[in-house]
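Asker: Below: one structure in structure tokens.
The values are calculated or read from the model by the stated rules, or taken from the named source; none is laboratory data. Here the structure is a predicted model, which is why all the values come from computation and not from measurement. When we count neighbours, we look across all protein chains shown, and the Cβ atoms used for this are built from the backbone with ideal geometry, even at glycine.
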Amino acid sequence: MDTHPLVARRSAAVASGVSSLLPGHFATSAEPGVLLDQDGTRLIDLGSGIGVTTVGNAAPAVVAAVARQATEFTHACFMVNPYEGYVEVCERLNELTPGSHEKRSALFTSGAEAVENAIKVARHATGRSAVAVFDHAYHGRTNLTLALTAKNRPYKHRFGPFAGEIYRAPMSYPLRDPADMTGQEAAQRAISHLDAQVGADNLAALLIEPIQGEGGYIVPAPGFLPAIADWCRANGIVFIADEVQTGFCRTGTWFASEHEDVVPDLITTAKGIAGGLPLAAVTGRAELMNAVHPGGLGGTYGGNPLACAAALATMDLMLTNDLAAAAIRIFTRVTARLAPRTGPHLAEVRGRGAMIGLEFAAPDSTPSPTTAHAVATRCHEAGVIVLTCGTHNNVIRLIPPLVIPTDLLDHGVSVLCDAIDSLGQV
């Protein structure tokens with residue numbers, strides 16, 4: 001596989017800093033839950049292009065919507081000539097995101113860009129500059145979002161200096177926290193840390209993933225998010241939910257904040273929003289979003305008409321097919337087989353909906369990246385795409401398309417189970 005001419009062409013043309021998990025498999029086409037490579041090999045896709053192809057890769061309705069738009073115009077730049085698709089996506093986001101308050105939205109191209117703009121809005125609206133984030137957080141790869149991101153390698157290493165006025169607090173991490181620590185106690189730990197080291201009056205915003213993604217699919221203890229949100233509201237701190245990976249039915253609700261009835265002031269979205277096309281958004285309270293002066297938000301490609309057409313078709317599919325319920329069914333089916341395998345190597349199976357993490361540990365309970373890598377490698381060799389994550393690279397994450405056929409899901413999980421079971425034989 002590695003001797004294929006495409007491998008040599010890639011090496012000669014692409015910067016080595018851009019890595020590929022499966023460097024010998026070049027995607028050529030897709031089916032629901034399957035990628036096909038240059039040799040016709042079928043790979044069961046439990047990664048969705050890192051959470052993007054939620055409604056399936058090349059979903060016919062999305063393809064048709066993009067094709068229709070492409071015959072009309074491919075770009076106009078909303079800052080020059082507005083168009084209806086951008087407005088309609090904003091209307092949908094204002095309606096779908098948590099809370100019944102008046103909202104406004106702005107569209108961008110990537111999740112990192114959305115996060116940066118949410119920080120801009122919060123700083124502008126509050127007149128403050130400090131921003132709080134959490135241990136294990138991942139918010140992007142630009143200079144500001146790298147400052148927000150916790151993990152050094154491969155993201156931050158030797159790319160500094162980073163943007164300032166970023167402060168980090170301890171996250172609720174039930175597996176690693178004291179066994180009797182409640183969500184409210186974990187929240188108070190974080191609040192005390194921020195009060196002492198930053199001061200609530202200096203914080204423009206607190207940014208958090210309702211379920212951490214790259215940091216390890218960490219689901220905070222019940223009560224943690226509401227307590228943090230309440231503290232923010234009591235102190236005039238803009239509570240920003242980064243739902244780039246958790247949004248759009250992924251966790252069994254439209255947005256993960258809804259699991260505990262948390263209503264963010266601002267919410268950032270991307271990934272699953274547009275069926276594979278690049279689109280991102282910031283949605284939030286009208287008084288915050290409208291505080292920014294005209295021209296202060298925007299970007300040449302933000303809300304590109306092709307991406308907007310894809311997003312509208314994607315959201316229609318999610319509503320029509322109740323993909324939030326599909327995510328719950330996936331969680332039930334997958335965890336029923338994986339949870340019984342917790343033990344000496346598999347420390348925990350956790351998650352919500354079709355966002356499931358498997359944390360691997362050594363006998364002394366310390367993180368074991370070598371075990372996670374071994375399991376993932378066995379899966380890849382058997383034609384199943386799984387992704388690793390975690391600050392210590394010791395977590396395997398399952399994030400399949402919500403439309404994956406049951407037989408493919410079952411087969412992929414069987415391969416994963418066999419790889420886990422084989423750990424007891426070495």
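Asker: Regarding segment 12-20, can at least one residue be identified that is outside the structural domain of Asp261 (by TED's automatic domain parsing), under 30 Å from Asp407 (Cβ atoms), aliphatic (A, V, I, L, M) and at pLDDT 95 or above?
Answerer: Taking every residue of segment 12-20 in turn, none turns out to be outside the structural domain of Asp261 (by TED's automatic domain parsing), under 30 Å from Asp407 (Cβ atoms), aliphatic (A, V, I, L, M) and at pLDDT 95 or above.
Asker: Right, another one. Could you tell me whether segment 135-154 includes any residue that is farther than 16 Å from Ala114 by Cα, over 20 Å from the mean Cα position of the chain (by Cα) and not aliphatic (A, V, I, L, M)? So that I can check it myself, show each step before the final result.
Answerer: As a first pass, look at segment 135-154 and keep what is farther than 16 Å from Ala114 by Cα: 135-136, 150-154.
Filter again for over 20 Å from the mean Cα position of the chain (by Cα), leaving none.
No, because not a single residue in segment 135-154 is farther than 16 Å from Ala114 by Cα, over 20 Å from the mean Cα position of the chain (by Cα) and not aliphatic (A, V, I, L, M).
Asker: While we're on this one: Out of segment 189-222, which residues are over 26 Å from the mean Cα position of the chain (by Cα) and either of a type in the set (Gly, Ala, Ser) or part of a loop (DSSP other than H, G, I, E, B) (or both)?
Answerer: Ser192, Ala196, Val198, Gly199, Ala200, listed by residue number.
Residue-wise test of (1) closer than 21 Å to Thr109 by Cβ; (2) within 20 Å of the chain's Cα centre (by Cα).
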{"residue": "Gly272", "(1), (2)": "yes, yes"}
{"residue": "Leu279", "(1), (2)": "yes, yes"}
{"residue": "Asn290", "(1), (2)": "no, no"}
{"residue": "Thr300", "(1), (2)": "yes, no"}
{"residue": "Ala339", "(1), (2)": "no, no"}
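Asker: Right, something else. Evaluate segment 176-183: report whether one residue or more is touching a Ser or Thr at 6+ places or on another chain (Cβ under 7 Å) and crowded, with 16+ Cβ neighbours inside 10 Å. Break it down stepwise before answering.
Answerer: Pass one, segment 176-183, residues touching a Ser or Thr at 6+ places or on another chain (Cβ under 7 Å): 183.
Filter once more, so that each one left must be crowded, with 16+ Cβ neighbours inside 10 Å: 183.
Yes - at least one qualifying residue is present in segment 176-183.
Conditions tested, residue by residue: (1) farther than 25 Å from Thr74 by Cα; (2) among the hydrophobic types (A, V, I, L, M, F, W, C); (3) assigned by TED's automatic domain parsing to the domain that holds Val115; (4) touching a residue at least 24 places away in the same chain (Cβ under 8 Å).
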position: Thr251; (1), (2), (3), (4): yes, no, yes, yes
position: Ala256; (1), (2), (3), (4): yes, yes, yes, yes
position: Leu266; (1), (2), (3), (4): yes, yes, yes, yes
position: Ala270; (1), (2), (3), (4): no, yes, yes, yes
position: Ile273; (1), (2), (3), (4): no, yes, yes, yes
position: Leu279; (1), (2), (3), (4): no, yes, yes, yes
position: Cys308; (1), (2), (3), (4): no, yes, yes, yes
position: Thr314; (1), (2), (3), (4): no, no, yes, yes
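Asker: Go through Ala8, Ala64, Ala15 for me and flag whichever is among the small types (Gly, Ala, Ser) and surrounded by 12 or more Cβ atoms within 10 Å (Cβ to Cβ).
Answerer: Numbers: Ala8 fails: surrounded by 12 or more Cβ atoms within 10 Å (Cβ to Cβ); Ala15 fails: surrounded by 12 or more Cβ atoms within 10 Å (Cβ to Cβ).
Checking each option against the conditions leaves just Ala64.
Asker: On the given criteria, is Glu165 touching a strand residue (DSSP E or B) at 6+ places or on another chain (Cβ under 7 Å), surrounded by 21 or more Cβ atoms within 10 Å (Cβ to Cβ) and among the acidic types (Asp, Glu)?
Answerer: Working: touching a strand residue (DSSP E or B) at 6+ places or on another chain (Cβ under 7 Å): yes; surrounded by 21 or more Cβ atoms within 10 Å (Cβ to Cβ): no; among the acidic types (Asp, Glu): yes.
No, not satisfied.
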